[in-house]
1. Which numbered condition in (1) buried (at least 24 other Cβ atoms within 10 Å of the Cβ); (2) facing chain C (nearest Cβ under 8 Å) is the only one that residue A:296 fails?
2. For the stretch C:49-92, which residues satisfy the criterion of being part of a strand (DSSP E or B) and closer than 14 Å to residue C:501 by Cβ?
3. Give the number of residues within the stretch C:103-120 that are crowded, with 23+ Cβ neighbours inside 10 Å and closer than 19 Å to residue C:17 by Cβ.
4. Among the residues of the stretch A:217-238, count how many are within 7 Å of chain C (Cβ to nearest Cβ) and over 22 Å from residue C:627 (Cβ atoms).
5. Looking at (1) surrounded by 13 or more Cβ atoms within 10 Å (Cβ to Cβ); (2) within 14 Å of chain A (Cβ to nearest Cβ), which is the one condition that is false for residue C:572?
6. Hey, does the stretch C:198-208 have a residue that's buried (at least 20 other Cβ atoms within 10 Å of the Cβ), out of contact with any strand residue (DSSP E or B) (no Cβ under 8 Å at 6 or more places or on another chain) and at pLDDT 85 or above?
7. Condition check: closer than 26 Å to residue A:169 by Cβ, modelled with pLDDT under 85 and crowded, with 16+ Cβ neighbours inside 10 Å. Does residue C:642 satisfy that?
8. Condition first: out of contact with any helix residue (DSSP H, G or I) (no Cβ under 8 Å at 6 or more places or on another chain), in contact (Cβ under 8 Å) with a residue 40 or more places away in the chain and more than 7 Å from chain A (Cβ to nearest Cβ). Can you find one or more residues in the stretch C:582-602 that meet it?
């Protein structure tokens, strides 16, 4: 029993710690109002670091997979990688938030506590091994995000986006719950493993019920990842939410959902692979189409990047649909690199916000190469990576996905994906053209004031895009290694 | 005989639940909507009791019908909302879509799932009774989930307070960092005054 | 041996490249003199290296060697390597190329002294030599093709060297375009090799040749040809363009717009013989197709006769020699076609010397006449330019095959080989060859007499014609020596000795070896010379010379009378059988019309309008539509989600 408690404690330690931190931040806000702003910021960031340390400790302590609380959770290197990425990406996003919040004169305390609550949800999601845990964690992740979207109460765009996000999110939750209940109806279990076992024996009506359940669950998760046709909230939210919130939205939540998706589909639903891979292909193809086409005529930078993110998610999903082990690792590699790259791109945009004005449209970047050459270069690397131009990481990521598609015999899909990438080049290269060749409009001629810390961090993402593109082998291999965990039951 | 009776009760409660839920969205008056919602909860509670989840059914009536909905009614009455004609009109065009989808999903289940209907075995209810089982679950393995659900509520409270709090947050104060950053160019403009 | 063969090969190859690049890039810095010094000294180095190679391989009978330099491309199962092949044929060709090239370099100092772009000129010449050396030392089709295109490219640059002159530019263009036709054939032949033999490597291909000799190549169901025939004909198309065989000969006369040293180096001695060389190299493939051999033989014969006839009516001294080159190339092709490859190569070597000599002598005349090329305004130059006169005479005698000059041995061997050959069309070719000999004598001595003898038909008071400077004269004298002795010296080892000094580079099917049949009647060069009075070709030559003496020296009016007598025939020759007009009407105008169509309809409307801009516009259009779909109404958002869900459910339905 003592061992059980210790194990339980060990397993939930990082999320419990972050939860405690969130509550402390909330209390600090309640009692000290704005005087504690600095404290809140630093304690949050240090806390995230400590959380990372705790996860690393788990790496040492749990070399093998451990099921916690009779399979409610599962702790293995896969879940730890997810937690680690969530914490690191959140750290990155929150690093840029403070200045942005000050610029917009928004409250610091509630923001950080909400973010931390959301992070708790993500951490639990990465370890979830049970439908109940998974659903509650998903809601815990999403709820603060709805609120954060409306964080700038003075902004009607933000409130509108938040409302839409919330309403459609409720619909998606409905899908999810309905799917889970259908699956429970067939398998009488919430445990991922038991569902997987039941699914492997399912036939006839049971299988139909299971597939319908999978369709509903997939719809719900696709909403969270922003996949077409469940993507409609995404551009509005990316554009309408405060920049710092967008920054938070693009990285960690998607990683968490992807880890859950891989876990769920590889553990529970893998016996029905032929059936759901069709669904994934459909959603992926639609996302590629919608994302790339809609981005073409977007002038708003963040909206354009939102559509681009839809197409990227579609690209990544292709590999999940192909789903050979190489495909999975390609998807994971793609997601990790894309999360970092898109975070970098949004960070650059956020950095360029100035007390005299924010960066809204693509043309606001005009002449950046002269105003801040290094930032322009970093942005170029990130955009190249998104477009998939060698030698950046995006190229390797796209290539490995295409290879996995070809290995699965999906030549038509691969051709389609390549064609869509070509369409995508248009709006990516437009950004670079504007940065390097266009004359800035008179009103926005100023050199961005960027602190050395933020510059260093954002440079890291740009260099990451470049270096990981040249030496991708390590991460690719690691993705393969770590993916053996969800595959073993 | 009992099976038929149970089915009869089930369909009756289901019908009430469906109709009342639909009325929640279709009615023009907010007060009516809340009342229809109460009916929906009652019907749900009936369904739960039918599957021998008595505790949950009663809790639903006590908590939702007795407390939450009453609060809702107060709020709605205090806000004194009139008929939402404009809203209704804009939603009218969606009714056809809704009906279409409803028909489609019913057809889907009738055609695909119903023919292959398998006897979905109800798990055996343990002798301890489901209240004990519920307790064991909530405070045993699923304790963390319960905690997390509580956190969701906390988040909801924080969000609600933050978003609706009337205190003017956009107060004016010195922005010291901004003041330091100011350059001559920002404040001073030299103008050549011609004669 | 102090220096390895590989090092020698690399020196021979790369020295001209270094010289060419230096003169080309640093031309401004090193100046005219510097460019001369660099290119000529490096060219000399290359010549010495090739001499050493010649000695090592031929005289010391070193074995044939193959060097692989590096892998150029690896694609699937195809490994394309860049490698060098050193065998007897290669070193012989290299020696000829570097020898002629060196002396043409020297000669050019004098010829180009008034020109301002000496650096460019010398750079081109060295680069040309490099490309030509690559061509002859290639171990596979890839390097061969590189050299092939390299010489073509430099030839284009050099024909258009005086680019202010429109005719020079057009001449260059013509050469370039006509050669493209041949390149298509050549490239297809290479493709054939890679597809059917799985390699571009000579050794690999030749080793499989026998086993694939009966393989058929299917174009489309029901129509198939022998692989060897198709490949050989494709190779011949390539060779015909490069070696200017009818009907792809039209570019060579135009190429005379280039400076005369170039005409000597490229369009007489080296590049134009590349086709002959290549066909000889490919003898293991050609041997398996008597159809292709027959085509080579007949077209060679037609070229030899018909081009010689045109030379009679030309008035430009360089054009006469150009048409004579065409005719002689025809003889070489006849040698190849009659399977006497060695004889073809023998004529190639001797021709390289005496034709270069003739061109350079003509160049000397042109220099002396202050860039006057029309023979009708010359005459009586022999007193004023004695050395030029003498060397030109030696070249002329070699060309018309008077014993014991070099050309006699080589040309006579070819004629005898054709006579003895069993290849279909050999008898026709033999008649052409004999007539060609007569024609050769007529036009050569016509040019000789018009230029050097008779009355001076230019303004002797204002035009002071004097002998050229030593840099021009020395190469003439140097080239005159092999023009006299080369034939007698090398006929035995080259043609009738076993093993021949060409080693095993040439391949002959048993029973095809015409030279072997002729060997029984051959008893040494001296006897051949003495017995020449018993051959038909000798008397035909004498007849030709006598005819020329009568028409152009004794009775100058006779030529005009003949011209009137055979008016139509004369006109036919003047328009060069109408090849140019035909090309102009059909190909040039046709290509123009098609180009217009392609530009205005296919490119502008179809590709640009419909595809490029059209597709882009459609995407933008789609994007605008999608923008309208993302209208911002939350109801639509939900609708889209529900539609998506139903699409998934539909998949479930379909999947079950």
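The values are calculated or read from the model by the stated rules, or taken from the named source; none is laboratory data. As the structure is a computational prediction, the values presented were derived from the model and not from experiment. With ideal geometry, Cβ positions are generated from the backbone for all residues, glycine too; neighbour counts draw on all protein chains shown.
1. Tallying (1) buried (at least 24 other Cβ atoms within 10 Å of the Cβ); (2) facing chain C (nearest Cβ under 8 Å), residue A:296 fails exactly one: (1).
2. Within the stretch C:49-92, the subset part of a strand (DSSP E or B) is C:65-75, C:78-86.
Within the stretch C:49-92, none qualify.
3. The total comes to 4.
4. 2
5. All conditions are met except number (2).
6. Yes, the conditions are met somewhere in the stretch C:198-208.
7. On the way: closer than 26 Å to residue A:169 by Cβ: yes; modelled with pLDDT under 85: no; crowded, with 16+ Cβ neighbours inside 10 Å: yes.
So residue C:642 does not fit the description; no.
8. Looking through the stretch C:582-602, at least one residue is out of contact with any helix residue (DSSP H, G or I) (no Cβ under 8 Å at 6 or more places or on another chain), in contact (Cβ under 8 Å) with a residue 40 or more places away in the chain and more than 7 Å from chain A (Cβ to nearest Cβ).
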